[in-house]
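Before any comments, here is the structure.
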Amino acid sequence: MRRLLLLAAVAVVAGCGGGSNSSSTAPKLTPLVTQGPLNSGPDEVWFYAAKGKPRSLVIFLHGFGGPTEETPANHLPWLKHLAANGSDVVYPRYEVGGSPDPFPSIDAAVRTATEKLGKPHVPVVVIGYSRGGRIAVDYAALRARVGHEPKLVLTVFPALYSPHERLAPFKYLDGKMKLAIMLGDEDTSVGFEGGRTILARLKLANFPPSQIKLIGVKSHGKFKATHLSVLDDSPAARRAFWLPTDRLIDSVR
């Protein structure tokens, strides 16, 4: 695991977009426009209809950063890009200043948004950043427990686990799900510890290593792969985060 993390830290992120058709019916919503918020409190949710027929459903779990991060504001360009690239996108609030058990609120938010989107029958992708990254795999395990395992989980700069948070047994993951972990070479806020913990828990659950991909985000030029670089909208940040994500999503469509 240490060898893989070291390799990931110095890898250069690269990728390309693409996609395929889906049998889902396009929602009668204006594509790329922020819809919501719907519900209230931690059950609040925003969503974006895909441009054209949706080919995947992305559930985007934000980081811990107060009332701004709990809304789409910090990630708006990326969310709209995902929708433009053929994904219905759901952004649950899932907390108001922190929650040891965010999963019921995530479920409520996703249920509300997908009903408005016409319940598309497309692959589900979970993207989590920071705190959202550390709970994304647990959320996937809870979905798998009831027969709705995502096709892909991408955890971006996952934060350290809290001893007060609810954890889900990874044993419910059936081994078919793809899992990718992004790590930044200048992320001094959380470092690699969140990623190491996820890998250790997956190993204990006998999750197949062949389904795990480590992606190192490397600093270059003016671009620094710090913890907050995910919020950047520069061309370098788009190449570092958006393009490999597009490629991962395309691989499960």
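Restricted to the stretch 48-64, and to residues there that are touching a Gly at 6+ places or on another chain (Cβ under 6 Å) and surrounded by 24 or more Cβ atoms within 10 Å (Cβ to Cβ), the residue that is nearest to residue 33 (Cα to Cα) is 50. For the stretch 83-103, filtering for residues that are free of Cβ contacts under 8 Å to residues at least 60 places away in the same chain and touching a helix residue (DSSP H, G or I) at 6+ places or on another chain (Cβ under 9 Å) leaves 11. When you scan the stretch 105-114, do you find a residue that is closer than 22 Å to residue 183 by Cα, of a type in the set (A, V, I, L, M, F, W, C) and in contact with a Phe, Trp or Tyr (Cβ under 9 Å, 6 or more places away or on another chain), even just one? Looking through the stretch 105-114, none of the residues is closer than 22 Å to residue 183 by Cα, of a type in the set (A, V, I, L, M, F, W, C) and in contact with a Phe, Trp or Tyr (Cβ under 9 Å, 6 or more places away or on another chain).
Okay, residues lined up against (1) more than 15 Å from the chain's Cα centre (by Cα); (2) in contact (Cβ under 8 Å) with a residue 12 or more places away in the chain; (3) part of a loop (DSSP other than H, G, I, E, B); (4) within 29 Å of residue 120 (Cα to Cα):
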{"residue": "150", "(1), (2), (3), (4)": "no, yes, yes, yes"}
{"residue": "160", "(1), (2), (3), (4)": "yes, yes, yes, no"}
{"residue": "163", "(1), (2), (3), (4)": "yes, no, yes, no"}
{"residue": "179", "(1), (2), (3), (4)": "no, yes, no, yes"}
{"residue": "195", "(1), (2), (3), (4)": "no, yes, no, no"}
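Taking first residues from the stretch 202-216 that are assigned to a strand (DSSP E or B) and at pLDDT 95 or above and partners that are surrounded by 13 or more Cβ atoms within 10 Å (Cβ to Cβ) and charged (D, E, K, R), the Cβ contacts under 8 Å between residues at least 6 apart in sequence or on separate chains come to 213/178; 216/185.
Looking at the stretch 228-251, can you tell me whether even one residue there is assigned to a loop (DSSP other than H, G, I, E, B), closer than 24 Å to residue 139 by Cβ and at pLDDT 95 or above?
Yes, that holds for at least one residue.
The values are calculated or read from the model by the stated rules, or taken from the named source; none is laboratory data. It should be emphasised that the depicted structure is a prediction, and the values quoted were computed from it without experimental measurement. Cβ sites come from the backbone with ideal geometry, for glycine too, and all protein chains shown count toward neighbours.
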